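This report refers to the structure that appears directly beneath it.
Rule-based calculations on the coordinates, nothing more; no lab input. Just so it is clear, the model here is predicted, and its values are computed rather than measured. Cβ sites come from the backbone with ideal geometry, for glycine too, and all protein chains shown count toward neighbours.
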């Protein structure tokens with residue numbers, strides 16, 4: 001049975017409470033299409049039965065987590081949208097190299113790292129294009145809400161379908177070995193990336209300040225208040241000259257005033273305003 | 001943009017055509033490497049050739065070598081579209097002069113992504129809810 005209007009409303013509230021993901025009534029089909037396979041896998045008759053289980057006051061925490069996880073999209077690919085990576089290569093990393101010459105540290109955070117392709121794309125790009133980083137302390141940090149996708153990120157094993165998406169063939173043959181139907185990323189690249197579980201709208205673990213933060217196609221799932229909170233907290237974790245990269249459909253404009261949108265290489269990067277509001 | 005689809009499977013050529021047409025490509029087809037070379041003598045050169053590896057008469061690697069060694073055709077961008085998924089085979093194709101490599105089976109998004117990597121399409125659109 002499809003979700004009733006009442007069940008959908010409950011689930012939308014539940015999702016907003018647990019993860020700040022916002023789903024309007026027009027996304028009912030999406031909720032159904034994600035919940036139904038989970039419901040059947042866990043032995044429920046349909047998505048409606050699963051939602052009713054979630055409504056019980058002492059609903060199993062694992063079930064709650066699974067329901068939230070299944071709604072996070074995990075839509076990702078290597079070098080997704082390309083332009084941010086081109087800007088990284090031509091401008092952002094060279095800038096950081098000059099700026100951090102004394103400390104010889106570079107920190108990059110992929111917030112909403114999903115199955116790892118974004119952070120690994122950064123790692124491959126740095127390895128190929130910036131040999132001068134040898135001897136630097138480079139922190140490549142990925143976080144995501146979903147432990148399930150992080151396990152895959154850490155394993156760094158991808159199907160042919162996944163390496164088909166966005167990964168240039170030259171990088172595939174340079175950095176991956178085939179194992180049956182999967183391609184495994186070289187340990188040298190994998191070991192440079194660290195992945196941790198983190199809910200952007202809940203308590204954040206202690207983290208350093210970053211030079212570059214990728215938070216792409218994450219905010220689109222949040223309501224305005226959650227967007228504001230996350231953007232303000234990212235601000236506190238950016239170096240003064242740090243840069244935030246959002247998805248092409250996202251912006252800080254109209255949400256917070258701390259960032260300056262700077263068009264660059266066909267995309268937009270966000271720098272902190274000097275003396276901007278906290 | 002013009003694309004030449006070279007594959008001995010008519011069904012595969014049709015499928016690739018169905019992906020390329022909405023992306024704004026005019027397509028032409030050939031069933032093997034020899035047919036592809038002959039078609040190039042007749043009309044306007046394509047911007048990109050999508051080439052299978054295993055084909056009768058003249059296979060994909062031979063076709064790539066022929067395209068790259070001819071000054072008239074060497075500027076055509078070449079993407080292998082093949083079920084060969086061994087890294088060694090990919091290395092061979094790239095060494096022969098192919099620019100990209102897409103493994104079958106593939107999704108339309110994957111093909112569009114590779115065409116974007118080659119600069120033949122804008123970067124992938126963002127898929128939002």
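One Cα centroid belongs to segment A:89-120, the other to segment B:18-34; the line between them spans 39 Å. How would you classify segment B:1-126 from its alpha-carbon gyration tensor, with a ≥ b ≥ c the square roots of the eigenvalues: rounded for a/c under 1.5, else prolate if a/b is greater than b/c, otherwise oblate? Rounded shape, in that the Cα axes give a/c under 1.5. The distance separating the Cα centre of segment A:167-232 from that of segment A:22-76 comes to 24 Å. Annotation for residue A:136 and residue A:224: the two label points, set 7 Å from Cα along the Cα-Cβ direction, are 3.9 nm apart. Which shape class, rounded, prolate or oblate, goes with segment A:98-170 when its Cα gyration tensor gives a ≥ b ≥ c as root eigenvalues, a/c under 1.5 marks rounded, and past that a/b bigger than b/c marks prolate? In terms of gyration-tensor shape, oblate. Summarising the strand pairing of segment A:135-278, around 60 percent of its internal DSSP beta bridges are antiparallel. With R₀ set to 45 Å, the beta-carbon distance separating residue A:147 from residue B:10 gives a calculated FRET efficiency near 0.45. Stretched out straight at 0.36 nm per residue, the stretch from residue A:32 to residue A:204 would grow longer than its current Cα-Cα span by 58.9 nm.
Ordering B:114, A:61 by the number of other Cβ atoms within 10 Å of each residue's own Cβ, fewest first, gives A:61, B:114. Is chain A rounded, prolate or oblate when judged by the Cα gyration tensor, a ≥ b ≥ c being the square roots of its eigenvalues, rounded requiring a/c under 1.5 and prolate requiring a/b larger than b/c? Here chain A falls in the oblate category.
Multiplying each eigenvalue of the alpha-carbon gyration tensor of segment A:65-114 by 5 and taking the square root yields semi-axes of 31, 15, 5 Å, largest first, rounded to whole angstroms. Each Cα pair under 8 Å and six or more residues apart adds its sequence gap; the mean of these over the residue count of chain B is a relative contact order of 20 percent. Where in segment A:256-276 does the label zone of residue A:241 land, with the point 7 angstrom along Cα→C-beta and an amide N cut-off under 20 Å? Under 20 Å, as judged by backbone N against the label point of residue A:241, lie A:259-265, A:269-276 of segment A:256-276. One chain, two ends: residue B:107 and residue B:91. Fully extended at 0.36 nm per residue, the span grows by 3.5 nm beyond their Cα-Cα distance. Contact order, relative form, for segment B:1-64: 42 percent (alpha carbon pairs under 8 Å, 6 or more residues apart, mean separation divided by residue count).
Note on A:157-166: average number of Cβ atoms from other chains within 10 Å of each residue's Cβ is 5. The angle between the Cα long axis of helix A:224-236 and the main principal axis of chain A comes to about 30°, on a 0 to 90 degree scale. The mean sequence distance of close C-alpha pairs (under 8 Å, at least 6 residues apart), as a share of the length of chain A, puts its relative contact order at 17 percent.
Neighbour counting of Cβ atoms within 10 Å sorts the residues A:29, A:141, fewest neighbours leading, into A:29, A:141. Compared with the dominant Cα axis of chain B, that is its longest principal axis, helix B:87-96 is turned about 60°. Stretching the chain fully between residue A:46 and residue A:129 yields a gain of 24.9 nm (0.36 nm per residue, less the alpha carbon separation).
With a Förster radius of 22 Å applied to the beta-carbon distance between residue A:64 and residue A:232, the computed FRET efficiency rounds to 0.25.
Given R0 = 45 Å, the distance between the Cβ atoms of residue A:89 and residue A:9 translates into a calculated FRET efficiency of 0.45. Shape summary: segment A:1-150 maps onto an equivalent ellipsoid whose semi-axes, from the alpha-carbon gyration tensor, are 42, 14, 13 Å in decreasing order.
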